[in-house]
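What follows is a single structure, written as structure tokens, with notes after it.
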Amino acid sequence: MTNHDQKRILLVGGGSGIGHAIAAALLERGDQPIIGARDPERATAALPATLRDVPVVRADVTDEATIAALTASGPFDAVVSLAAGSANGPVGSLNQAAVRNAFDAKVVGPMLLAKHLAPSVRAGGVFVLFSGVAAWKPAPGLSVMATVNGAVSFMAEALAVELAPVRAVAVSPGIIDSGLWDFMGEDGKRDFFASTAATNPARRVGTPDDVVAAVLLAVDNTFVTGTTLHVDGGGHLA
């Protein structure tokens, strides 16, 4: 890829896991990832050797001033928001602060990213927002997760209309073997993955590469906007 074609991609909340995988894929094809993290020093220290040259800037989706300051790192061809907050548990035991944090991370923060960074995104560029399969497969104890992820998908539709020709796309992962389920132990994780694959139209669980491929599609295909890319093996239909 020539310098003229090189894309500049801001990965907000991209300091670990899927963020690292996306950054590695972007570097491999000649793009310039920029990682936005609440704690840049910690995020820099966590970078694998292959990503040591990736710039890390401060970006806290709960702090609007840091979001506004990101304009200094532009222009961008894409802004990917990977931040998340957990508020799982029965409705009767929910903690209000945790609920608000979940919405701040995945709904309010990305909306503020759009507010401040839309002018810094080149025409045809895209905001990539992370939803999740729980929005289509609610379950007891996951009401907040389902509601937040559903809001993300609707936000992608709304932003695609308002920000055009800048695009907005939601990516909705299903069960991904990204390390998130390691707490179950080897036997527990194996059984969980097997039961998931047995009811999943794709008959397998996902990998980080599956999610990365969806993000790259959202970045590259300028005719895709206002939609949700379901990276769940059809799990939302099962």
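The values are calculated or read from the model by the stated rules, or taken from the named source; none is laboratory data. Values in this document were obtained by computation on a predicted structure and should not be read as measured data. Please note: Cβ atoms are built from the backbone with ideal geometry, for glycine as well, and neighbour counts cover all protein chains shown. In case anyone asks, the SASA skips ligands and DNA or RNA and just uses the protein heavy atoms, side chains included. Shrake-Rupley method; radii C 1.70, N 1.55, O 1.52, S 1.80 Å.
Stokes-Einstein diffusion coefficient for the stretch 1-106 at 4 °C in a medium of 1.567 mPa s, Rh from the Kirkwood formula over Cα pairs: what value in µm²/s?
Stokes-Einstein gives a translational diffusion coefficient of 88 µm²/s.
Whole angstrom only: what separates the Cα centroid of the stretch 132-187 from the Cα centroid of the stretch 28-51?
23 Å
Per residue, what accessible area does the stretch 114-222 have, given a 1.4 Å probe and all protein chains present, in Å²?
Per residue, the stretch 114-222 has 47 Å² of solvent-accessible surface.
Rg and Dmax of the stretch 136-176 over Cα atoms: what are they, in angstrom?
For the stretch 136-176, the Cα radius of gyration and maximum Cα-Cα distance read 12.3, 39 Å.
Strictly over 26 Å apart at the Cα level, which of Lys115/Lys137; Lys7/Lys106; Lys7/Lys137 would you flag in this model?
Lys115/Lys137; Lys7/Lys137
Just reorder Ser86, Ser195, Ser131 by solvent-accessible area, largest first, 1.4 Å probe, all chains present.
Solvent-accessible surface, decreasing: Ser86, Ser195, Ser131.
What helices does the chain have that are whole DSSP H segments, at least 24 Å long along their own axis by Cα, and with mean Kyte-Doolittle hydropathy of -1.0 or more?
Once both thresholds are applied, what remains is 143-163.
Going highest first, how would you order 93-105, 200-212 by mean Cβ packing within 10 Å?
200-212, 93-105
Can you list residues from other chains, or at least 5 along the same chain, whose modelled amide H is less than 5 Å from the amide H of Val231?
Those qualifying (amide H under 5 Å, at least 5 residues apart or on another chain) are Ser172, Gly174.
Keeping all protein chains in position, work out how much accessible area Met111 exposes to a 1.4 Å probe, and write it in Å² to the nearest 10.
The accessible area of Met111 comes to roughly 90 Å².
So what is the orientation-averaged projected area of the stretch 111-238, using the convex hull of its C-alpha atoms, in nm²?
Mean orientational projected area (the stretch 111-238, Cα hull): 8.3 nm².
If you add up the charges near Ser73, with Lys and Arg at +1 and Asp and Glu at -1, over every other residue whose beta carbon is less than 11 angstrom from its beta carbon, what do you get?
That works out to +2.
Got a sec? What order do Glu157, Glu64 fall in by accessible area at 1.4 Å, biggest, i.e. largest, first?
Glu157, Glu64
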